[in-house]
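Since the structure comes first, as C-alpha cells, the remarks are kept for the end.
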Amino acid sequence: MPYEPRKEDRFTVGLWCTAYGGREVFGREVRPPLDPMENIRGLAACGCYGFNFHDDDLIPFGASPADTDRLIKQTLTVMRDAGIVNAMVTCNMFEHPVFKDGALTSNDGRVRAYARQKAMRAIDIGAQLGASVYVMWGGREGLEVEASKNPIDAIKRYRDGVEFLAHYIKDNGYGMVVAIEPKPNEPRGDIFLPTAGHVLGFIATLDPAIRDIVGVNPEIQHSRMSGLNTVHDLAQCLEAGKLFHADLGAQKPARYDQDLRFGAEDLKETFFIVKLLEDNHWPGTRAFDVKPYRQDQADEVWDLVRGCIRSYLILREKVAVFNADQEIQQLLGALRVEHPAGEHLTAKQLQAERFDPDLLSARKLGYQRLDQLTFELLAGVR
C-alpha cells in the first residue's frame with residue numbers, strides 16, 4: 001500500500017502523546033489511562049521505528065529501585081518482541097509541585113539539586129533502553145512575577161545544570177547528545193531560552209569540554225507560538241550543526257500549545273520543513289510531538305499516529321515531485337547568479353569593482369510564478 005512506513009523512515013512518537021487523556025485547564029480526562037507497555041506495542045503496530053518518553057511516562061513517580069529494574073526489563077522485552085527501539089529520553093521536571101517555581105533555575109538550591117538527581121535517573125534509564133538523545137525541556141524554567149528571579153542568576157543556574165548533566169553523560173560513556181527544547185511561554189508566563197536562537201547563543205557559552213554534545217530540539221508548535229518561521233528555525237540549527245532532535249506537529253500561530261497532528265495546519269510551511277530535512281539528508285528521527293483531540297475515543301489515538309506518518313510520507317513524495325519539476329527548477333536555477341570572480345574578491349578588489357545598481361535591480365525574479373506552481377503542486381493539480 002502507498003505511504004506505508006518503513007523502519008528506515010525513522011518515525012518516532014512520545015509515549016505522552018498517545019497517553020494524553022484529554023485533561024486541560026477547563027476539563028478532566030476523557031479517555032482511560034493507557035498502559036505504557038500497550039502504548040509501546042501500539043506505536044510499533046502503527047509502523048513506528050521508535051518511541052520517546054519522559055521518565056514518569058514509563059516508571060511511575062517515586063517507584064522503588066526494584067520496581068524500576070522490573071519495569072526496565074519488561075520494557076526491553078516488549079521492545080524486542082514488538083521490533084521497536086527507544087530513540088529519546090527526557091525528564092519530567094515540570095509536573096510535580098516541587099517544580100512549581102522552576103527546576104534547574106529554582107531559587108531553592110535544594111530543588112535544583114533534586115532536579116539534577118531526577119534527571120540523572122532519567123538518563124540512566126534511557127541509557128539502559130538505548131536512547132541516543134536526552135531532551136531538556138525547561139517547562140518550569142521561567143516566571144510570572146518579574147521581581148521573583150534575577151534572570152542573570154537564572155541563566156547561570158541553567159548553564160550549571162546543563163553542564164552538570166552533559167558531563168554526567170560523557171563521564172559515563174553513554175554516547176547520548178543533549179538537545180535543549182525552546183518554548184516562549186506556557187506553562188510559565190515567560191520561559192527562559194524561549195527560541196532556537198536563544199538556545200544556540202546559550203550553547204556558545206557552555207564549557208567547551210561538553211559543548212559538542214549539546215544542541216537544539218526545535219518544535220514546530222513552539223516556533224509558531226512565537227510567530228517565527230519554523231523552516232528557518234530548523235534551518236539555522238541545521239546549518240550550525242546543532243539540530244540534534246526535532247519535534248514535528250502542527251499549530252495555529254499565536255495560540256496556546258495545540259500539538260495538532262502533523263500537517264493539520266499550514267500545508268506550505270510544513271512541506272518546506274519536510275523538504276529541508278529530506279534535501280539535507282538529516283540523519284535524525286522524524287519525531288512527532290502531538291496530542292489527540294479531546295473529542296477522540298481511545299482507539300482514535302492510533303489514527304493520530306498513522307495520520308502523522310502518512311502526512312509526512314505524502315509530503316516527502318511532493319518534495320520529490322518539486323525537485324523533479326522542470327519549470328520550478330528552471331525558475332530556481334535562474335535565481336542563482338554568480339559573480340564572475342566568485343566569492344573570493346579581496347577588499348581592494350571590491351573597492352575597485354564597478355557595479356550598476358539599476359541594472360542589478362531590474363532583474364526579473366519570477367516569484368509569483370514560483371509560488372503559484374508550489375501551490376498547484378501541493379493542491380494536486382500539477
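Descriptive notes on the structure:
- When you filter the chymotrypsin sites (Phe, Trp or Tyr not before Pro) in segment 1-42 for DSSP loop state and at most 15 other Cβ atoms inside 10 Å of their Cβ, you are left with Tyr3, Phe26.
- Estimated [θ] at 222 nm from DSSP helical runs (n ≥ 4, -39500 (n - 2.57)) normalised by residues in the chain, nearest 500: -14000 deg cm²/dmol
- Cross-link table Lys100/Lys170; Lys242/Lys348; Lys7/Lys183; Lys73/Lys275; Lys268/Lys364, entries beyond 28 Å C-alpha to C-alpha: Lys100/Lys170; Lys242/Lys348; Lys7/Lys183; Lys73/Lys275
- For the chain, share of DSSP beta bridges that run antiparallel, in % to the nearest 5: 15
- The loop-placed trypsin sites (Lys or Arg not before Pro) in segment 184-276, going by DSSP, that have at most 13 neighbouring Cβ atoms within 10 Å of their Cβ come out as Arg255.
- Separation between Cα centres of segment 161-192 and segment 254-268, rounded to whole Å: 25
- Dipole size of the chain about its Cα centre, with +1 on Lys/Arg Cβ and -1 on Asp/Glu Cβ: approximately 160 debye, rounded to the nearest 20.
- Farthest toward positive dipole pole in segment 325-379 [+1 Lys/Arg, -1 Asp/Glu at C-beta], among Phe355, Leu332, Gly366: Phe355
- For the chain, built as a Gaussian network whose Cα springs stay under 10 Å, the top-fluctuating residue of Gly175, Gly27, Gly263: Gly27
- D by Stokes-Einstein for segment 1-134, Kirkwood Rh over Cα pairs, 20 °C, 1.002 mPa s: 134 µm²/s.
- Under the span-like rule (Cα at least 15 Å along the axis, Kyte-Doolittle mean at least -1.0), DSSP H helices of the chain: 65-82, 109-129, 151-171, 267-279, 301-324, 367-379
- Choice from Val25, Val214, Val321 with maximal GNM fluctuation in the chain (Cα, 10 Å cutoff): Val25
- Centre-to-centre separation between the Cα atoms of segment 205-231 and those of segment 301-368: 25 Å.
Here, each number is a calculation from the coordinates, and none is a lab measurement. Remember, predicted model here, so these are calculated numbers, not experimental data. Positions of Cβ are backbone-derived with ideal geometry, glycine not excepted, and every protein chain shown enters the neighbour counts.
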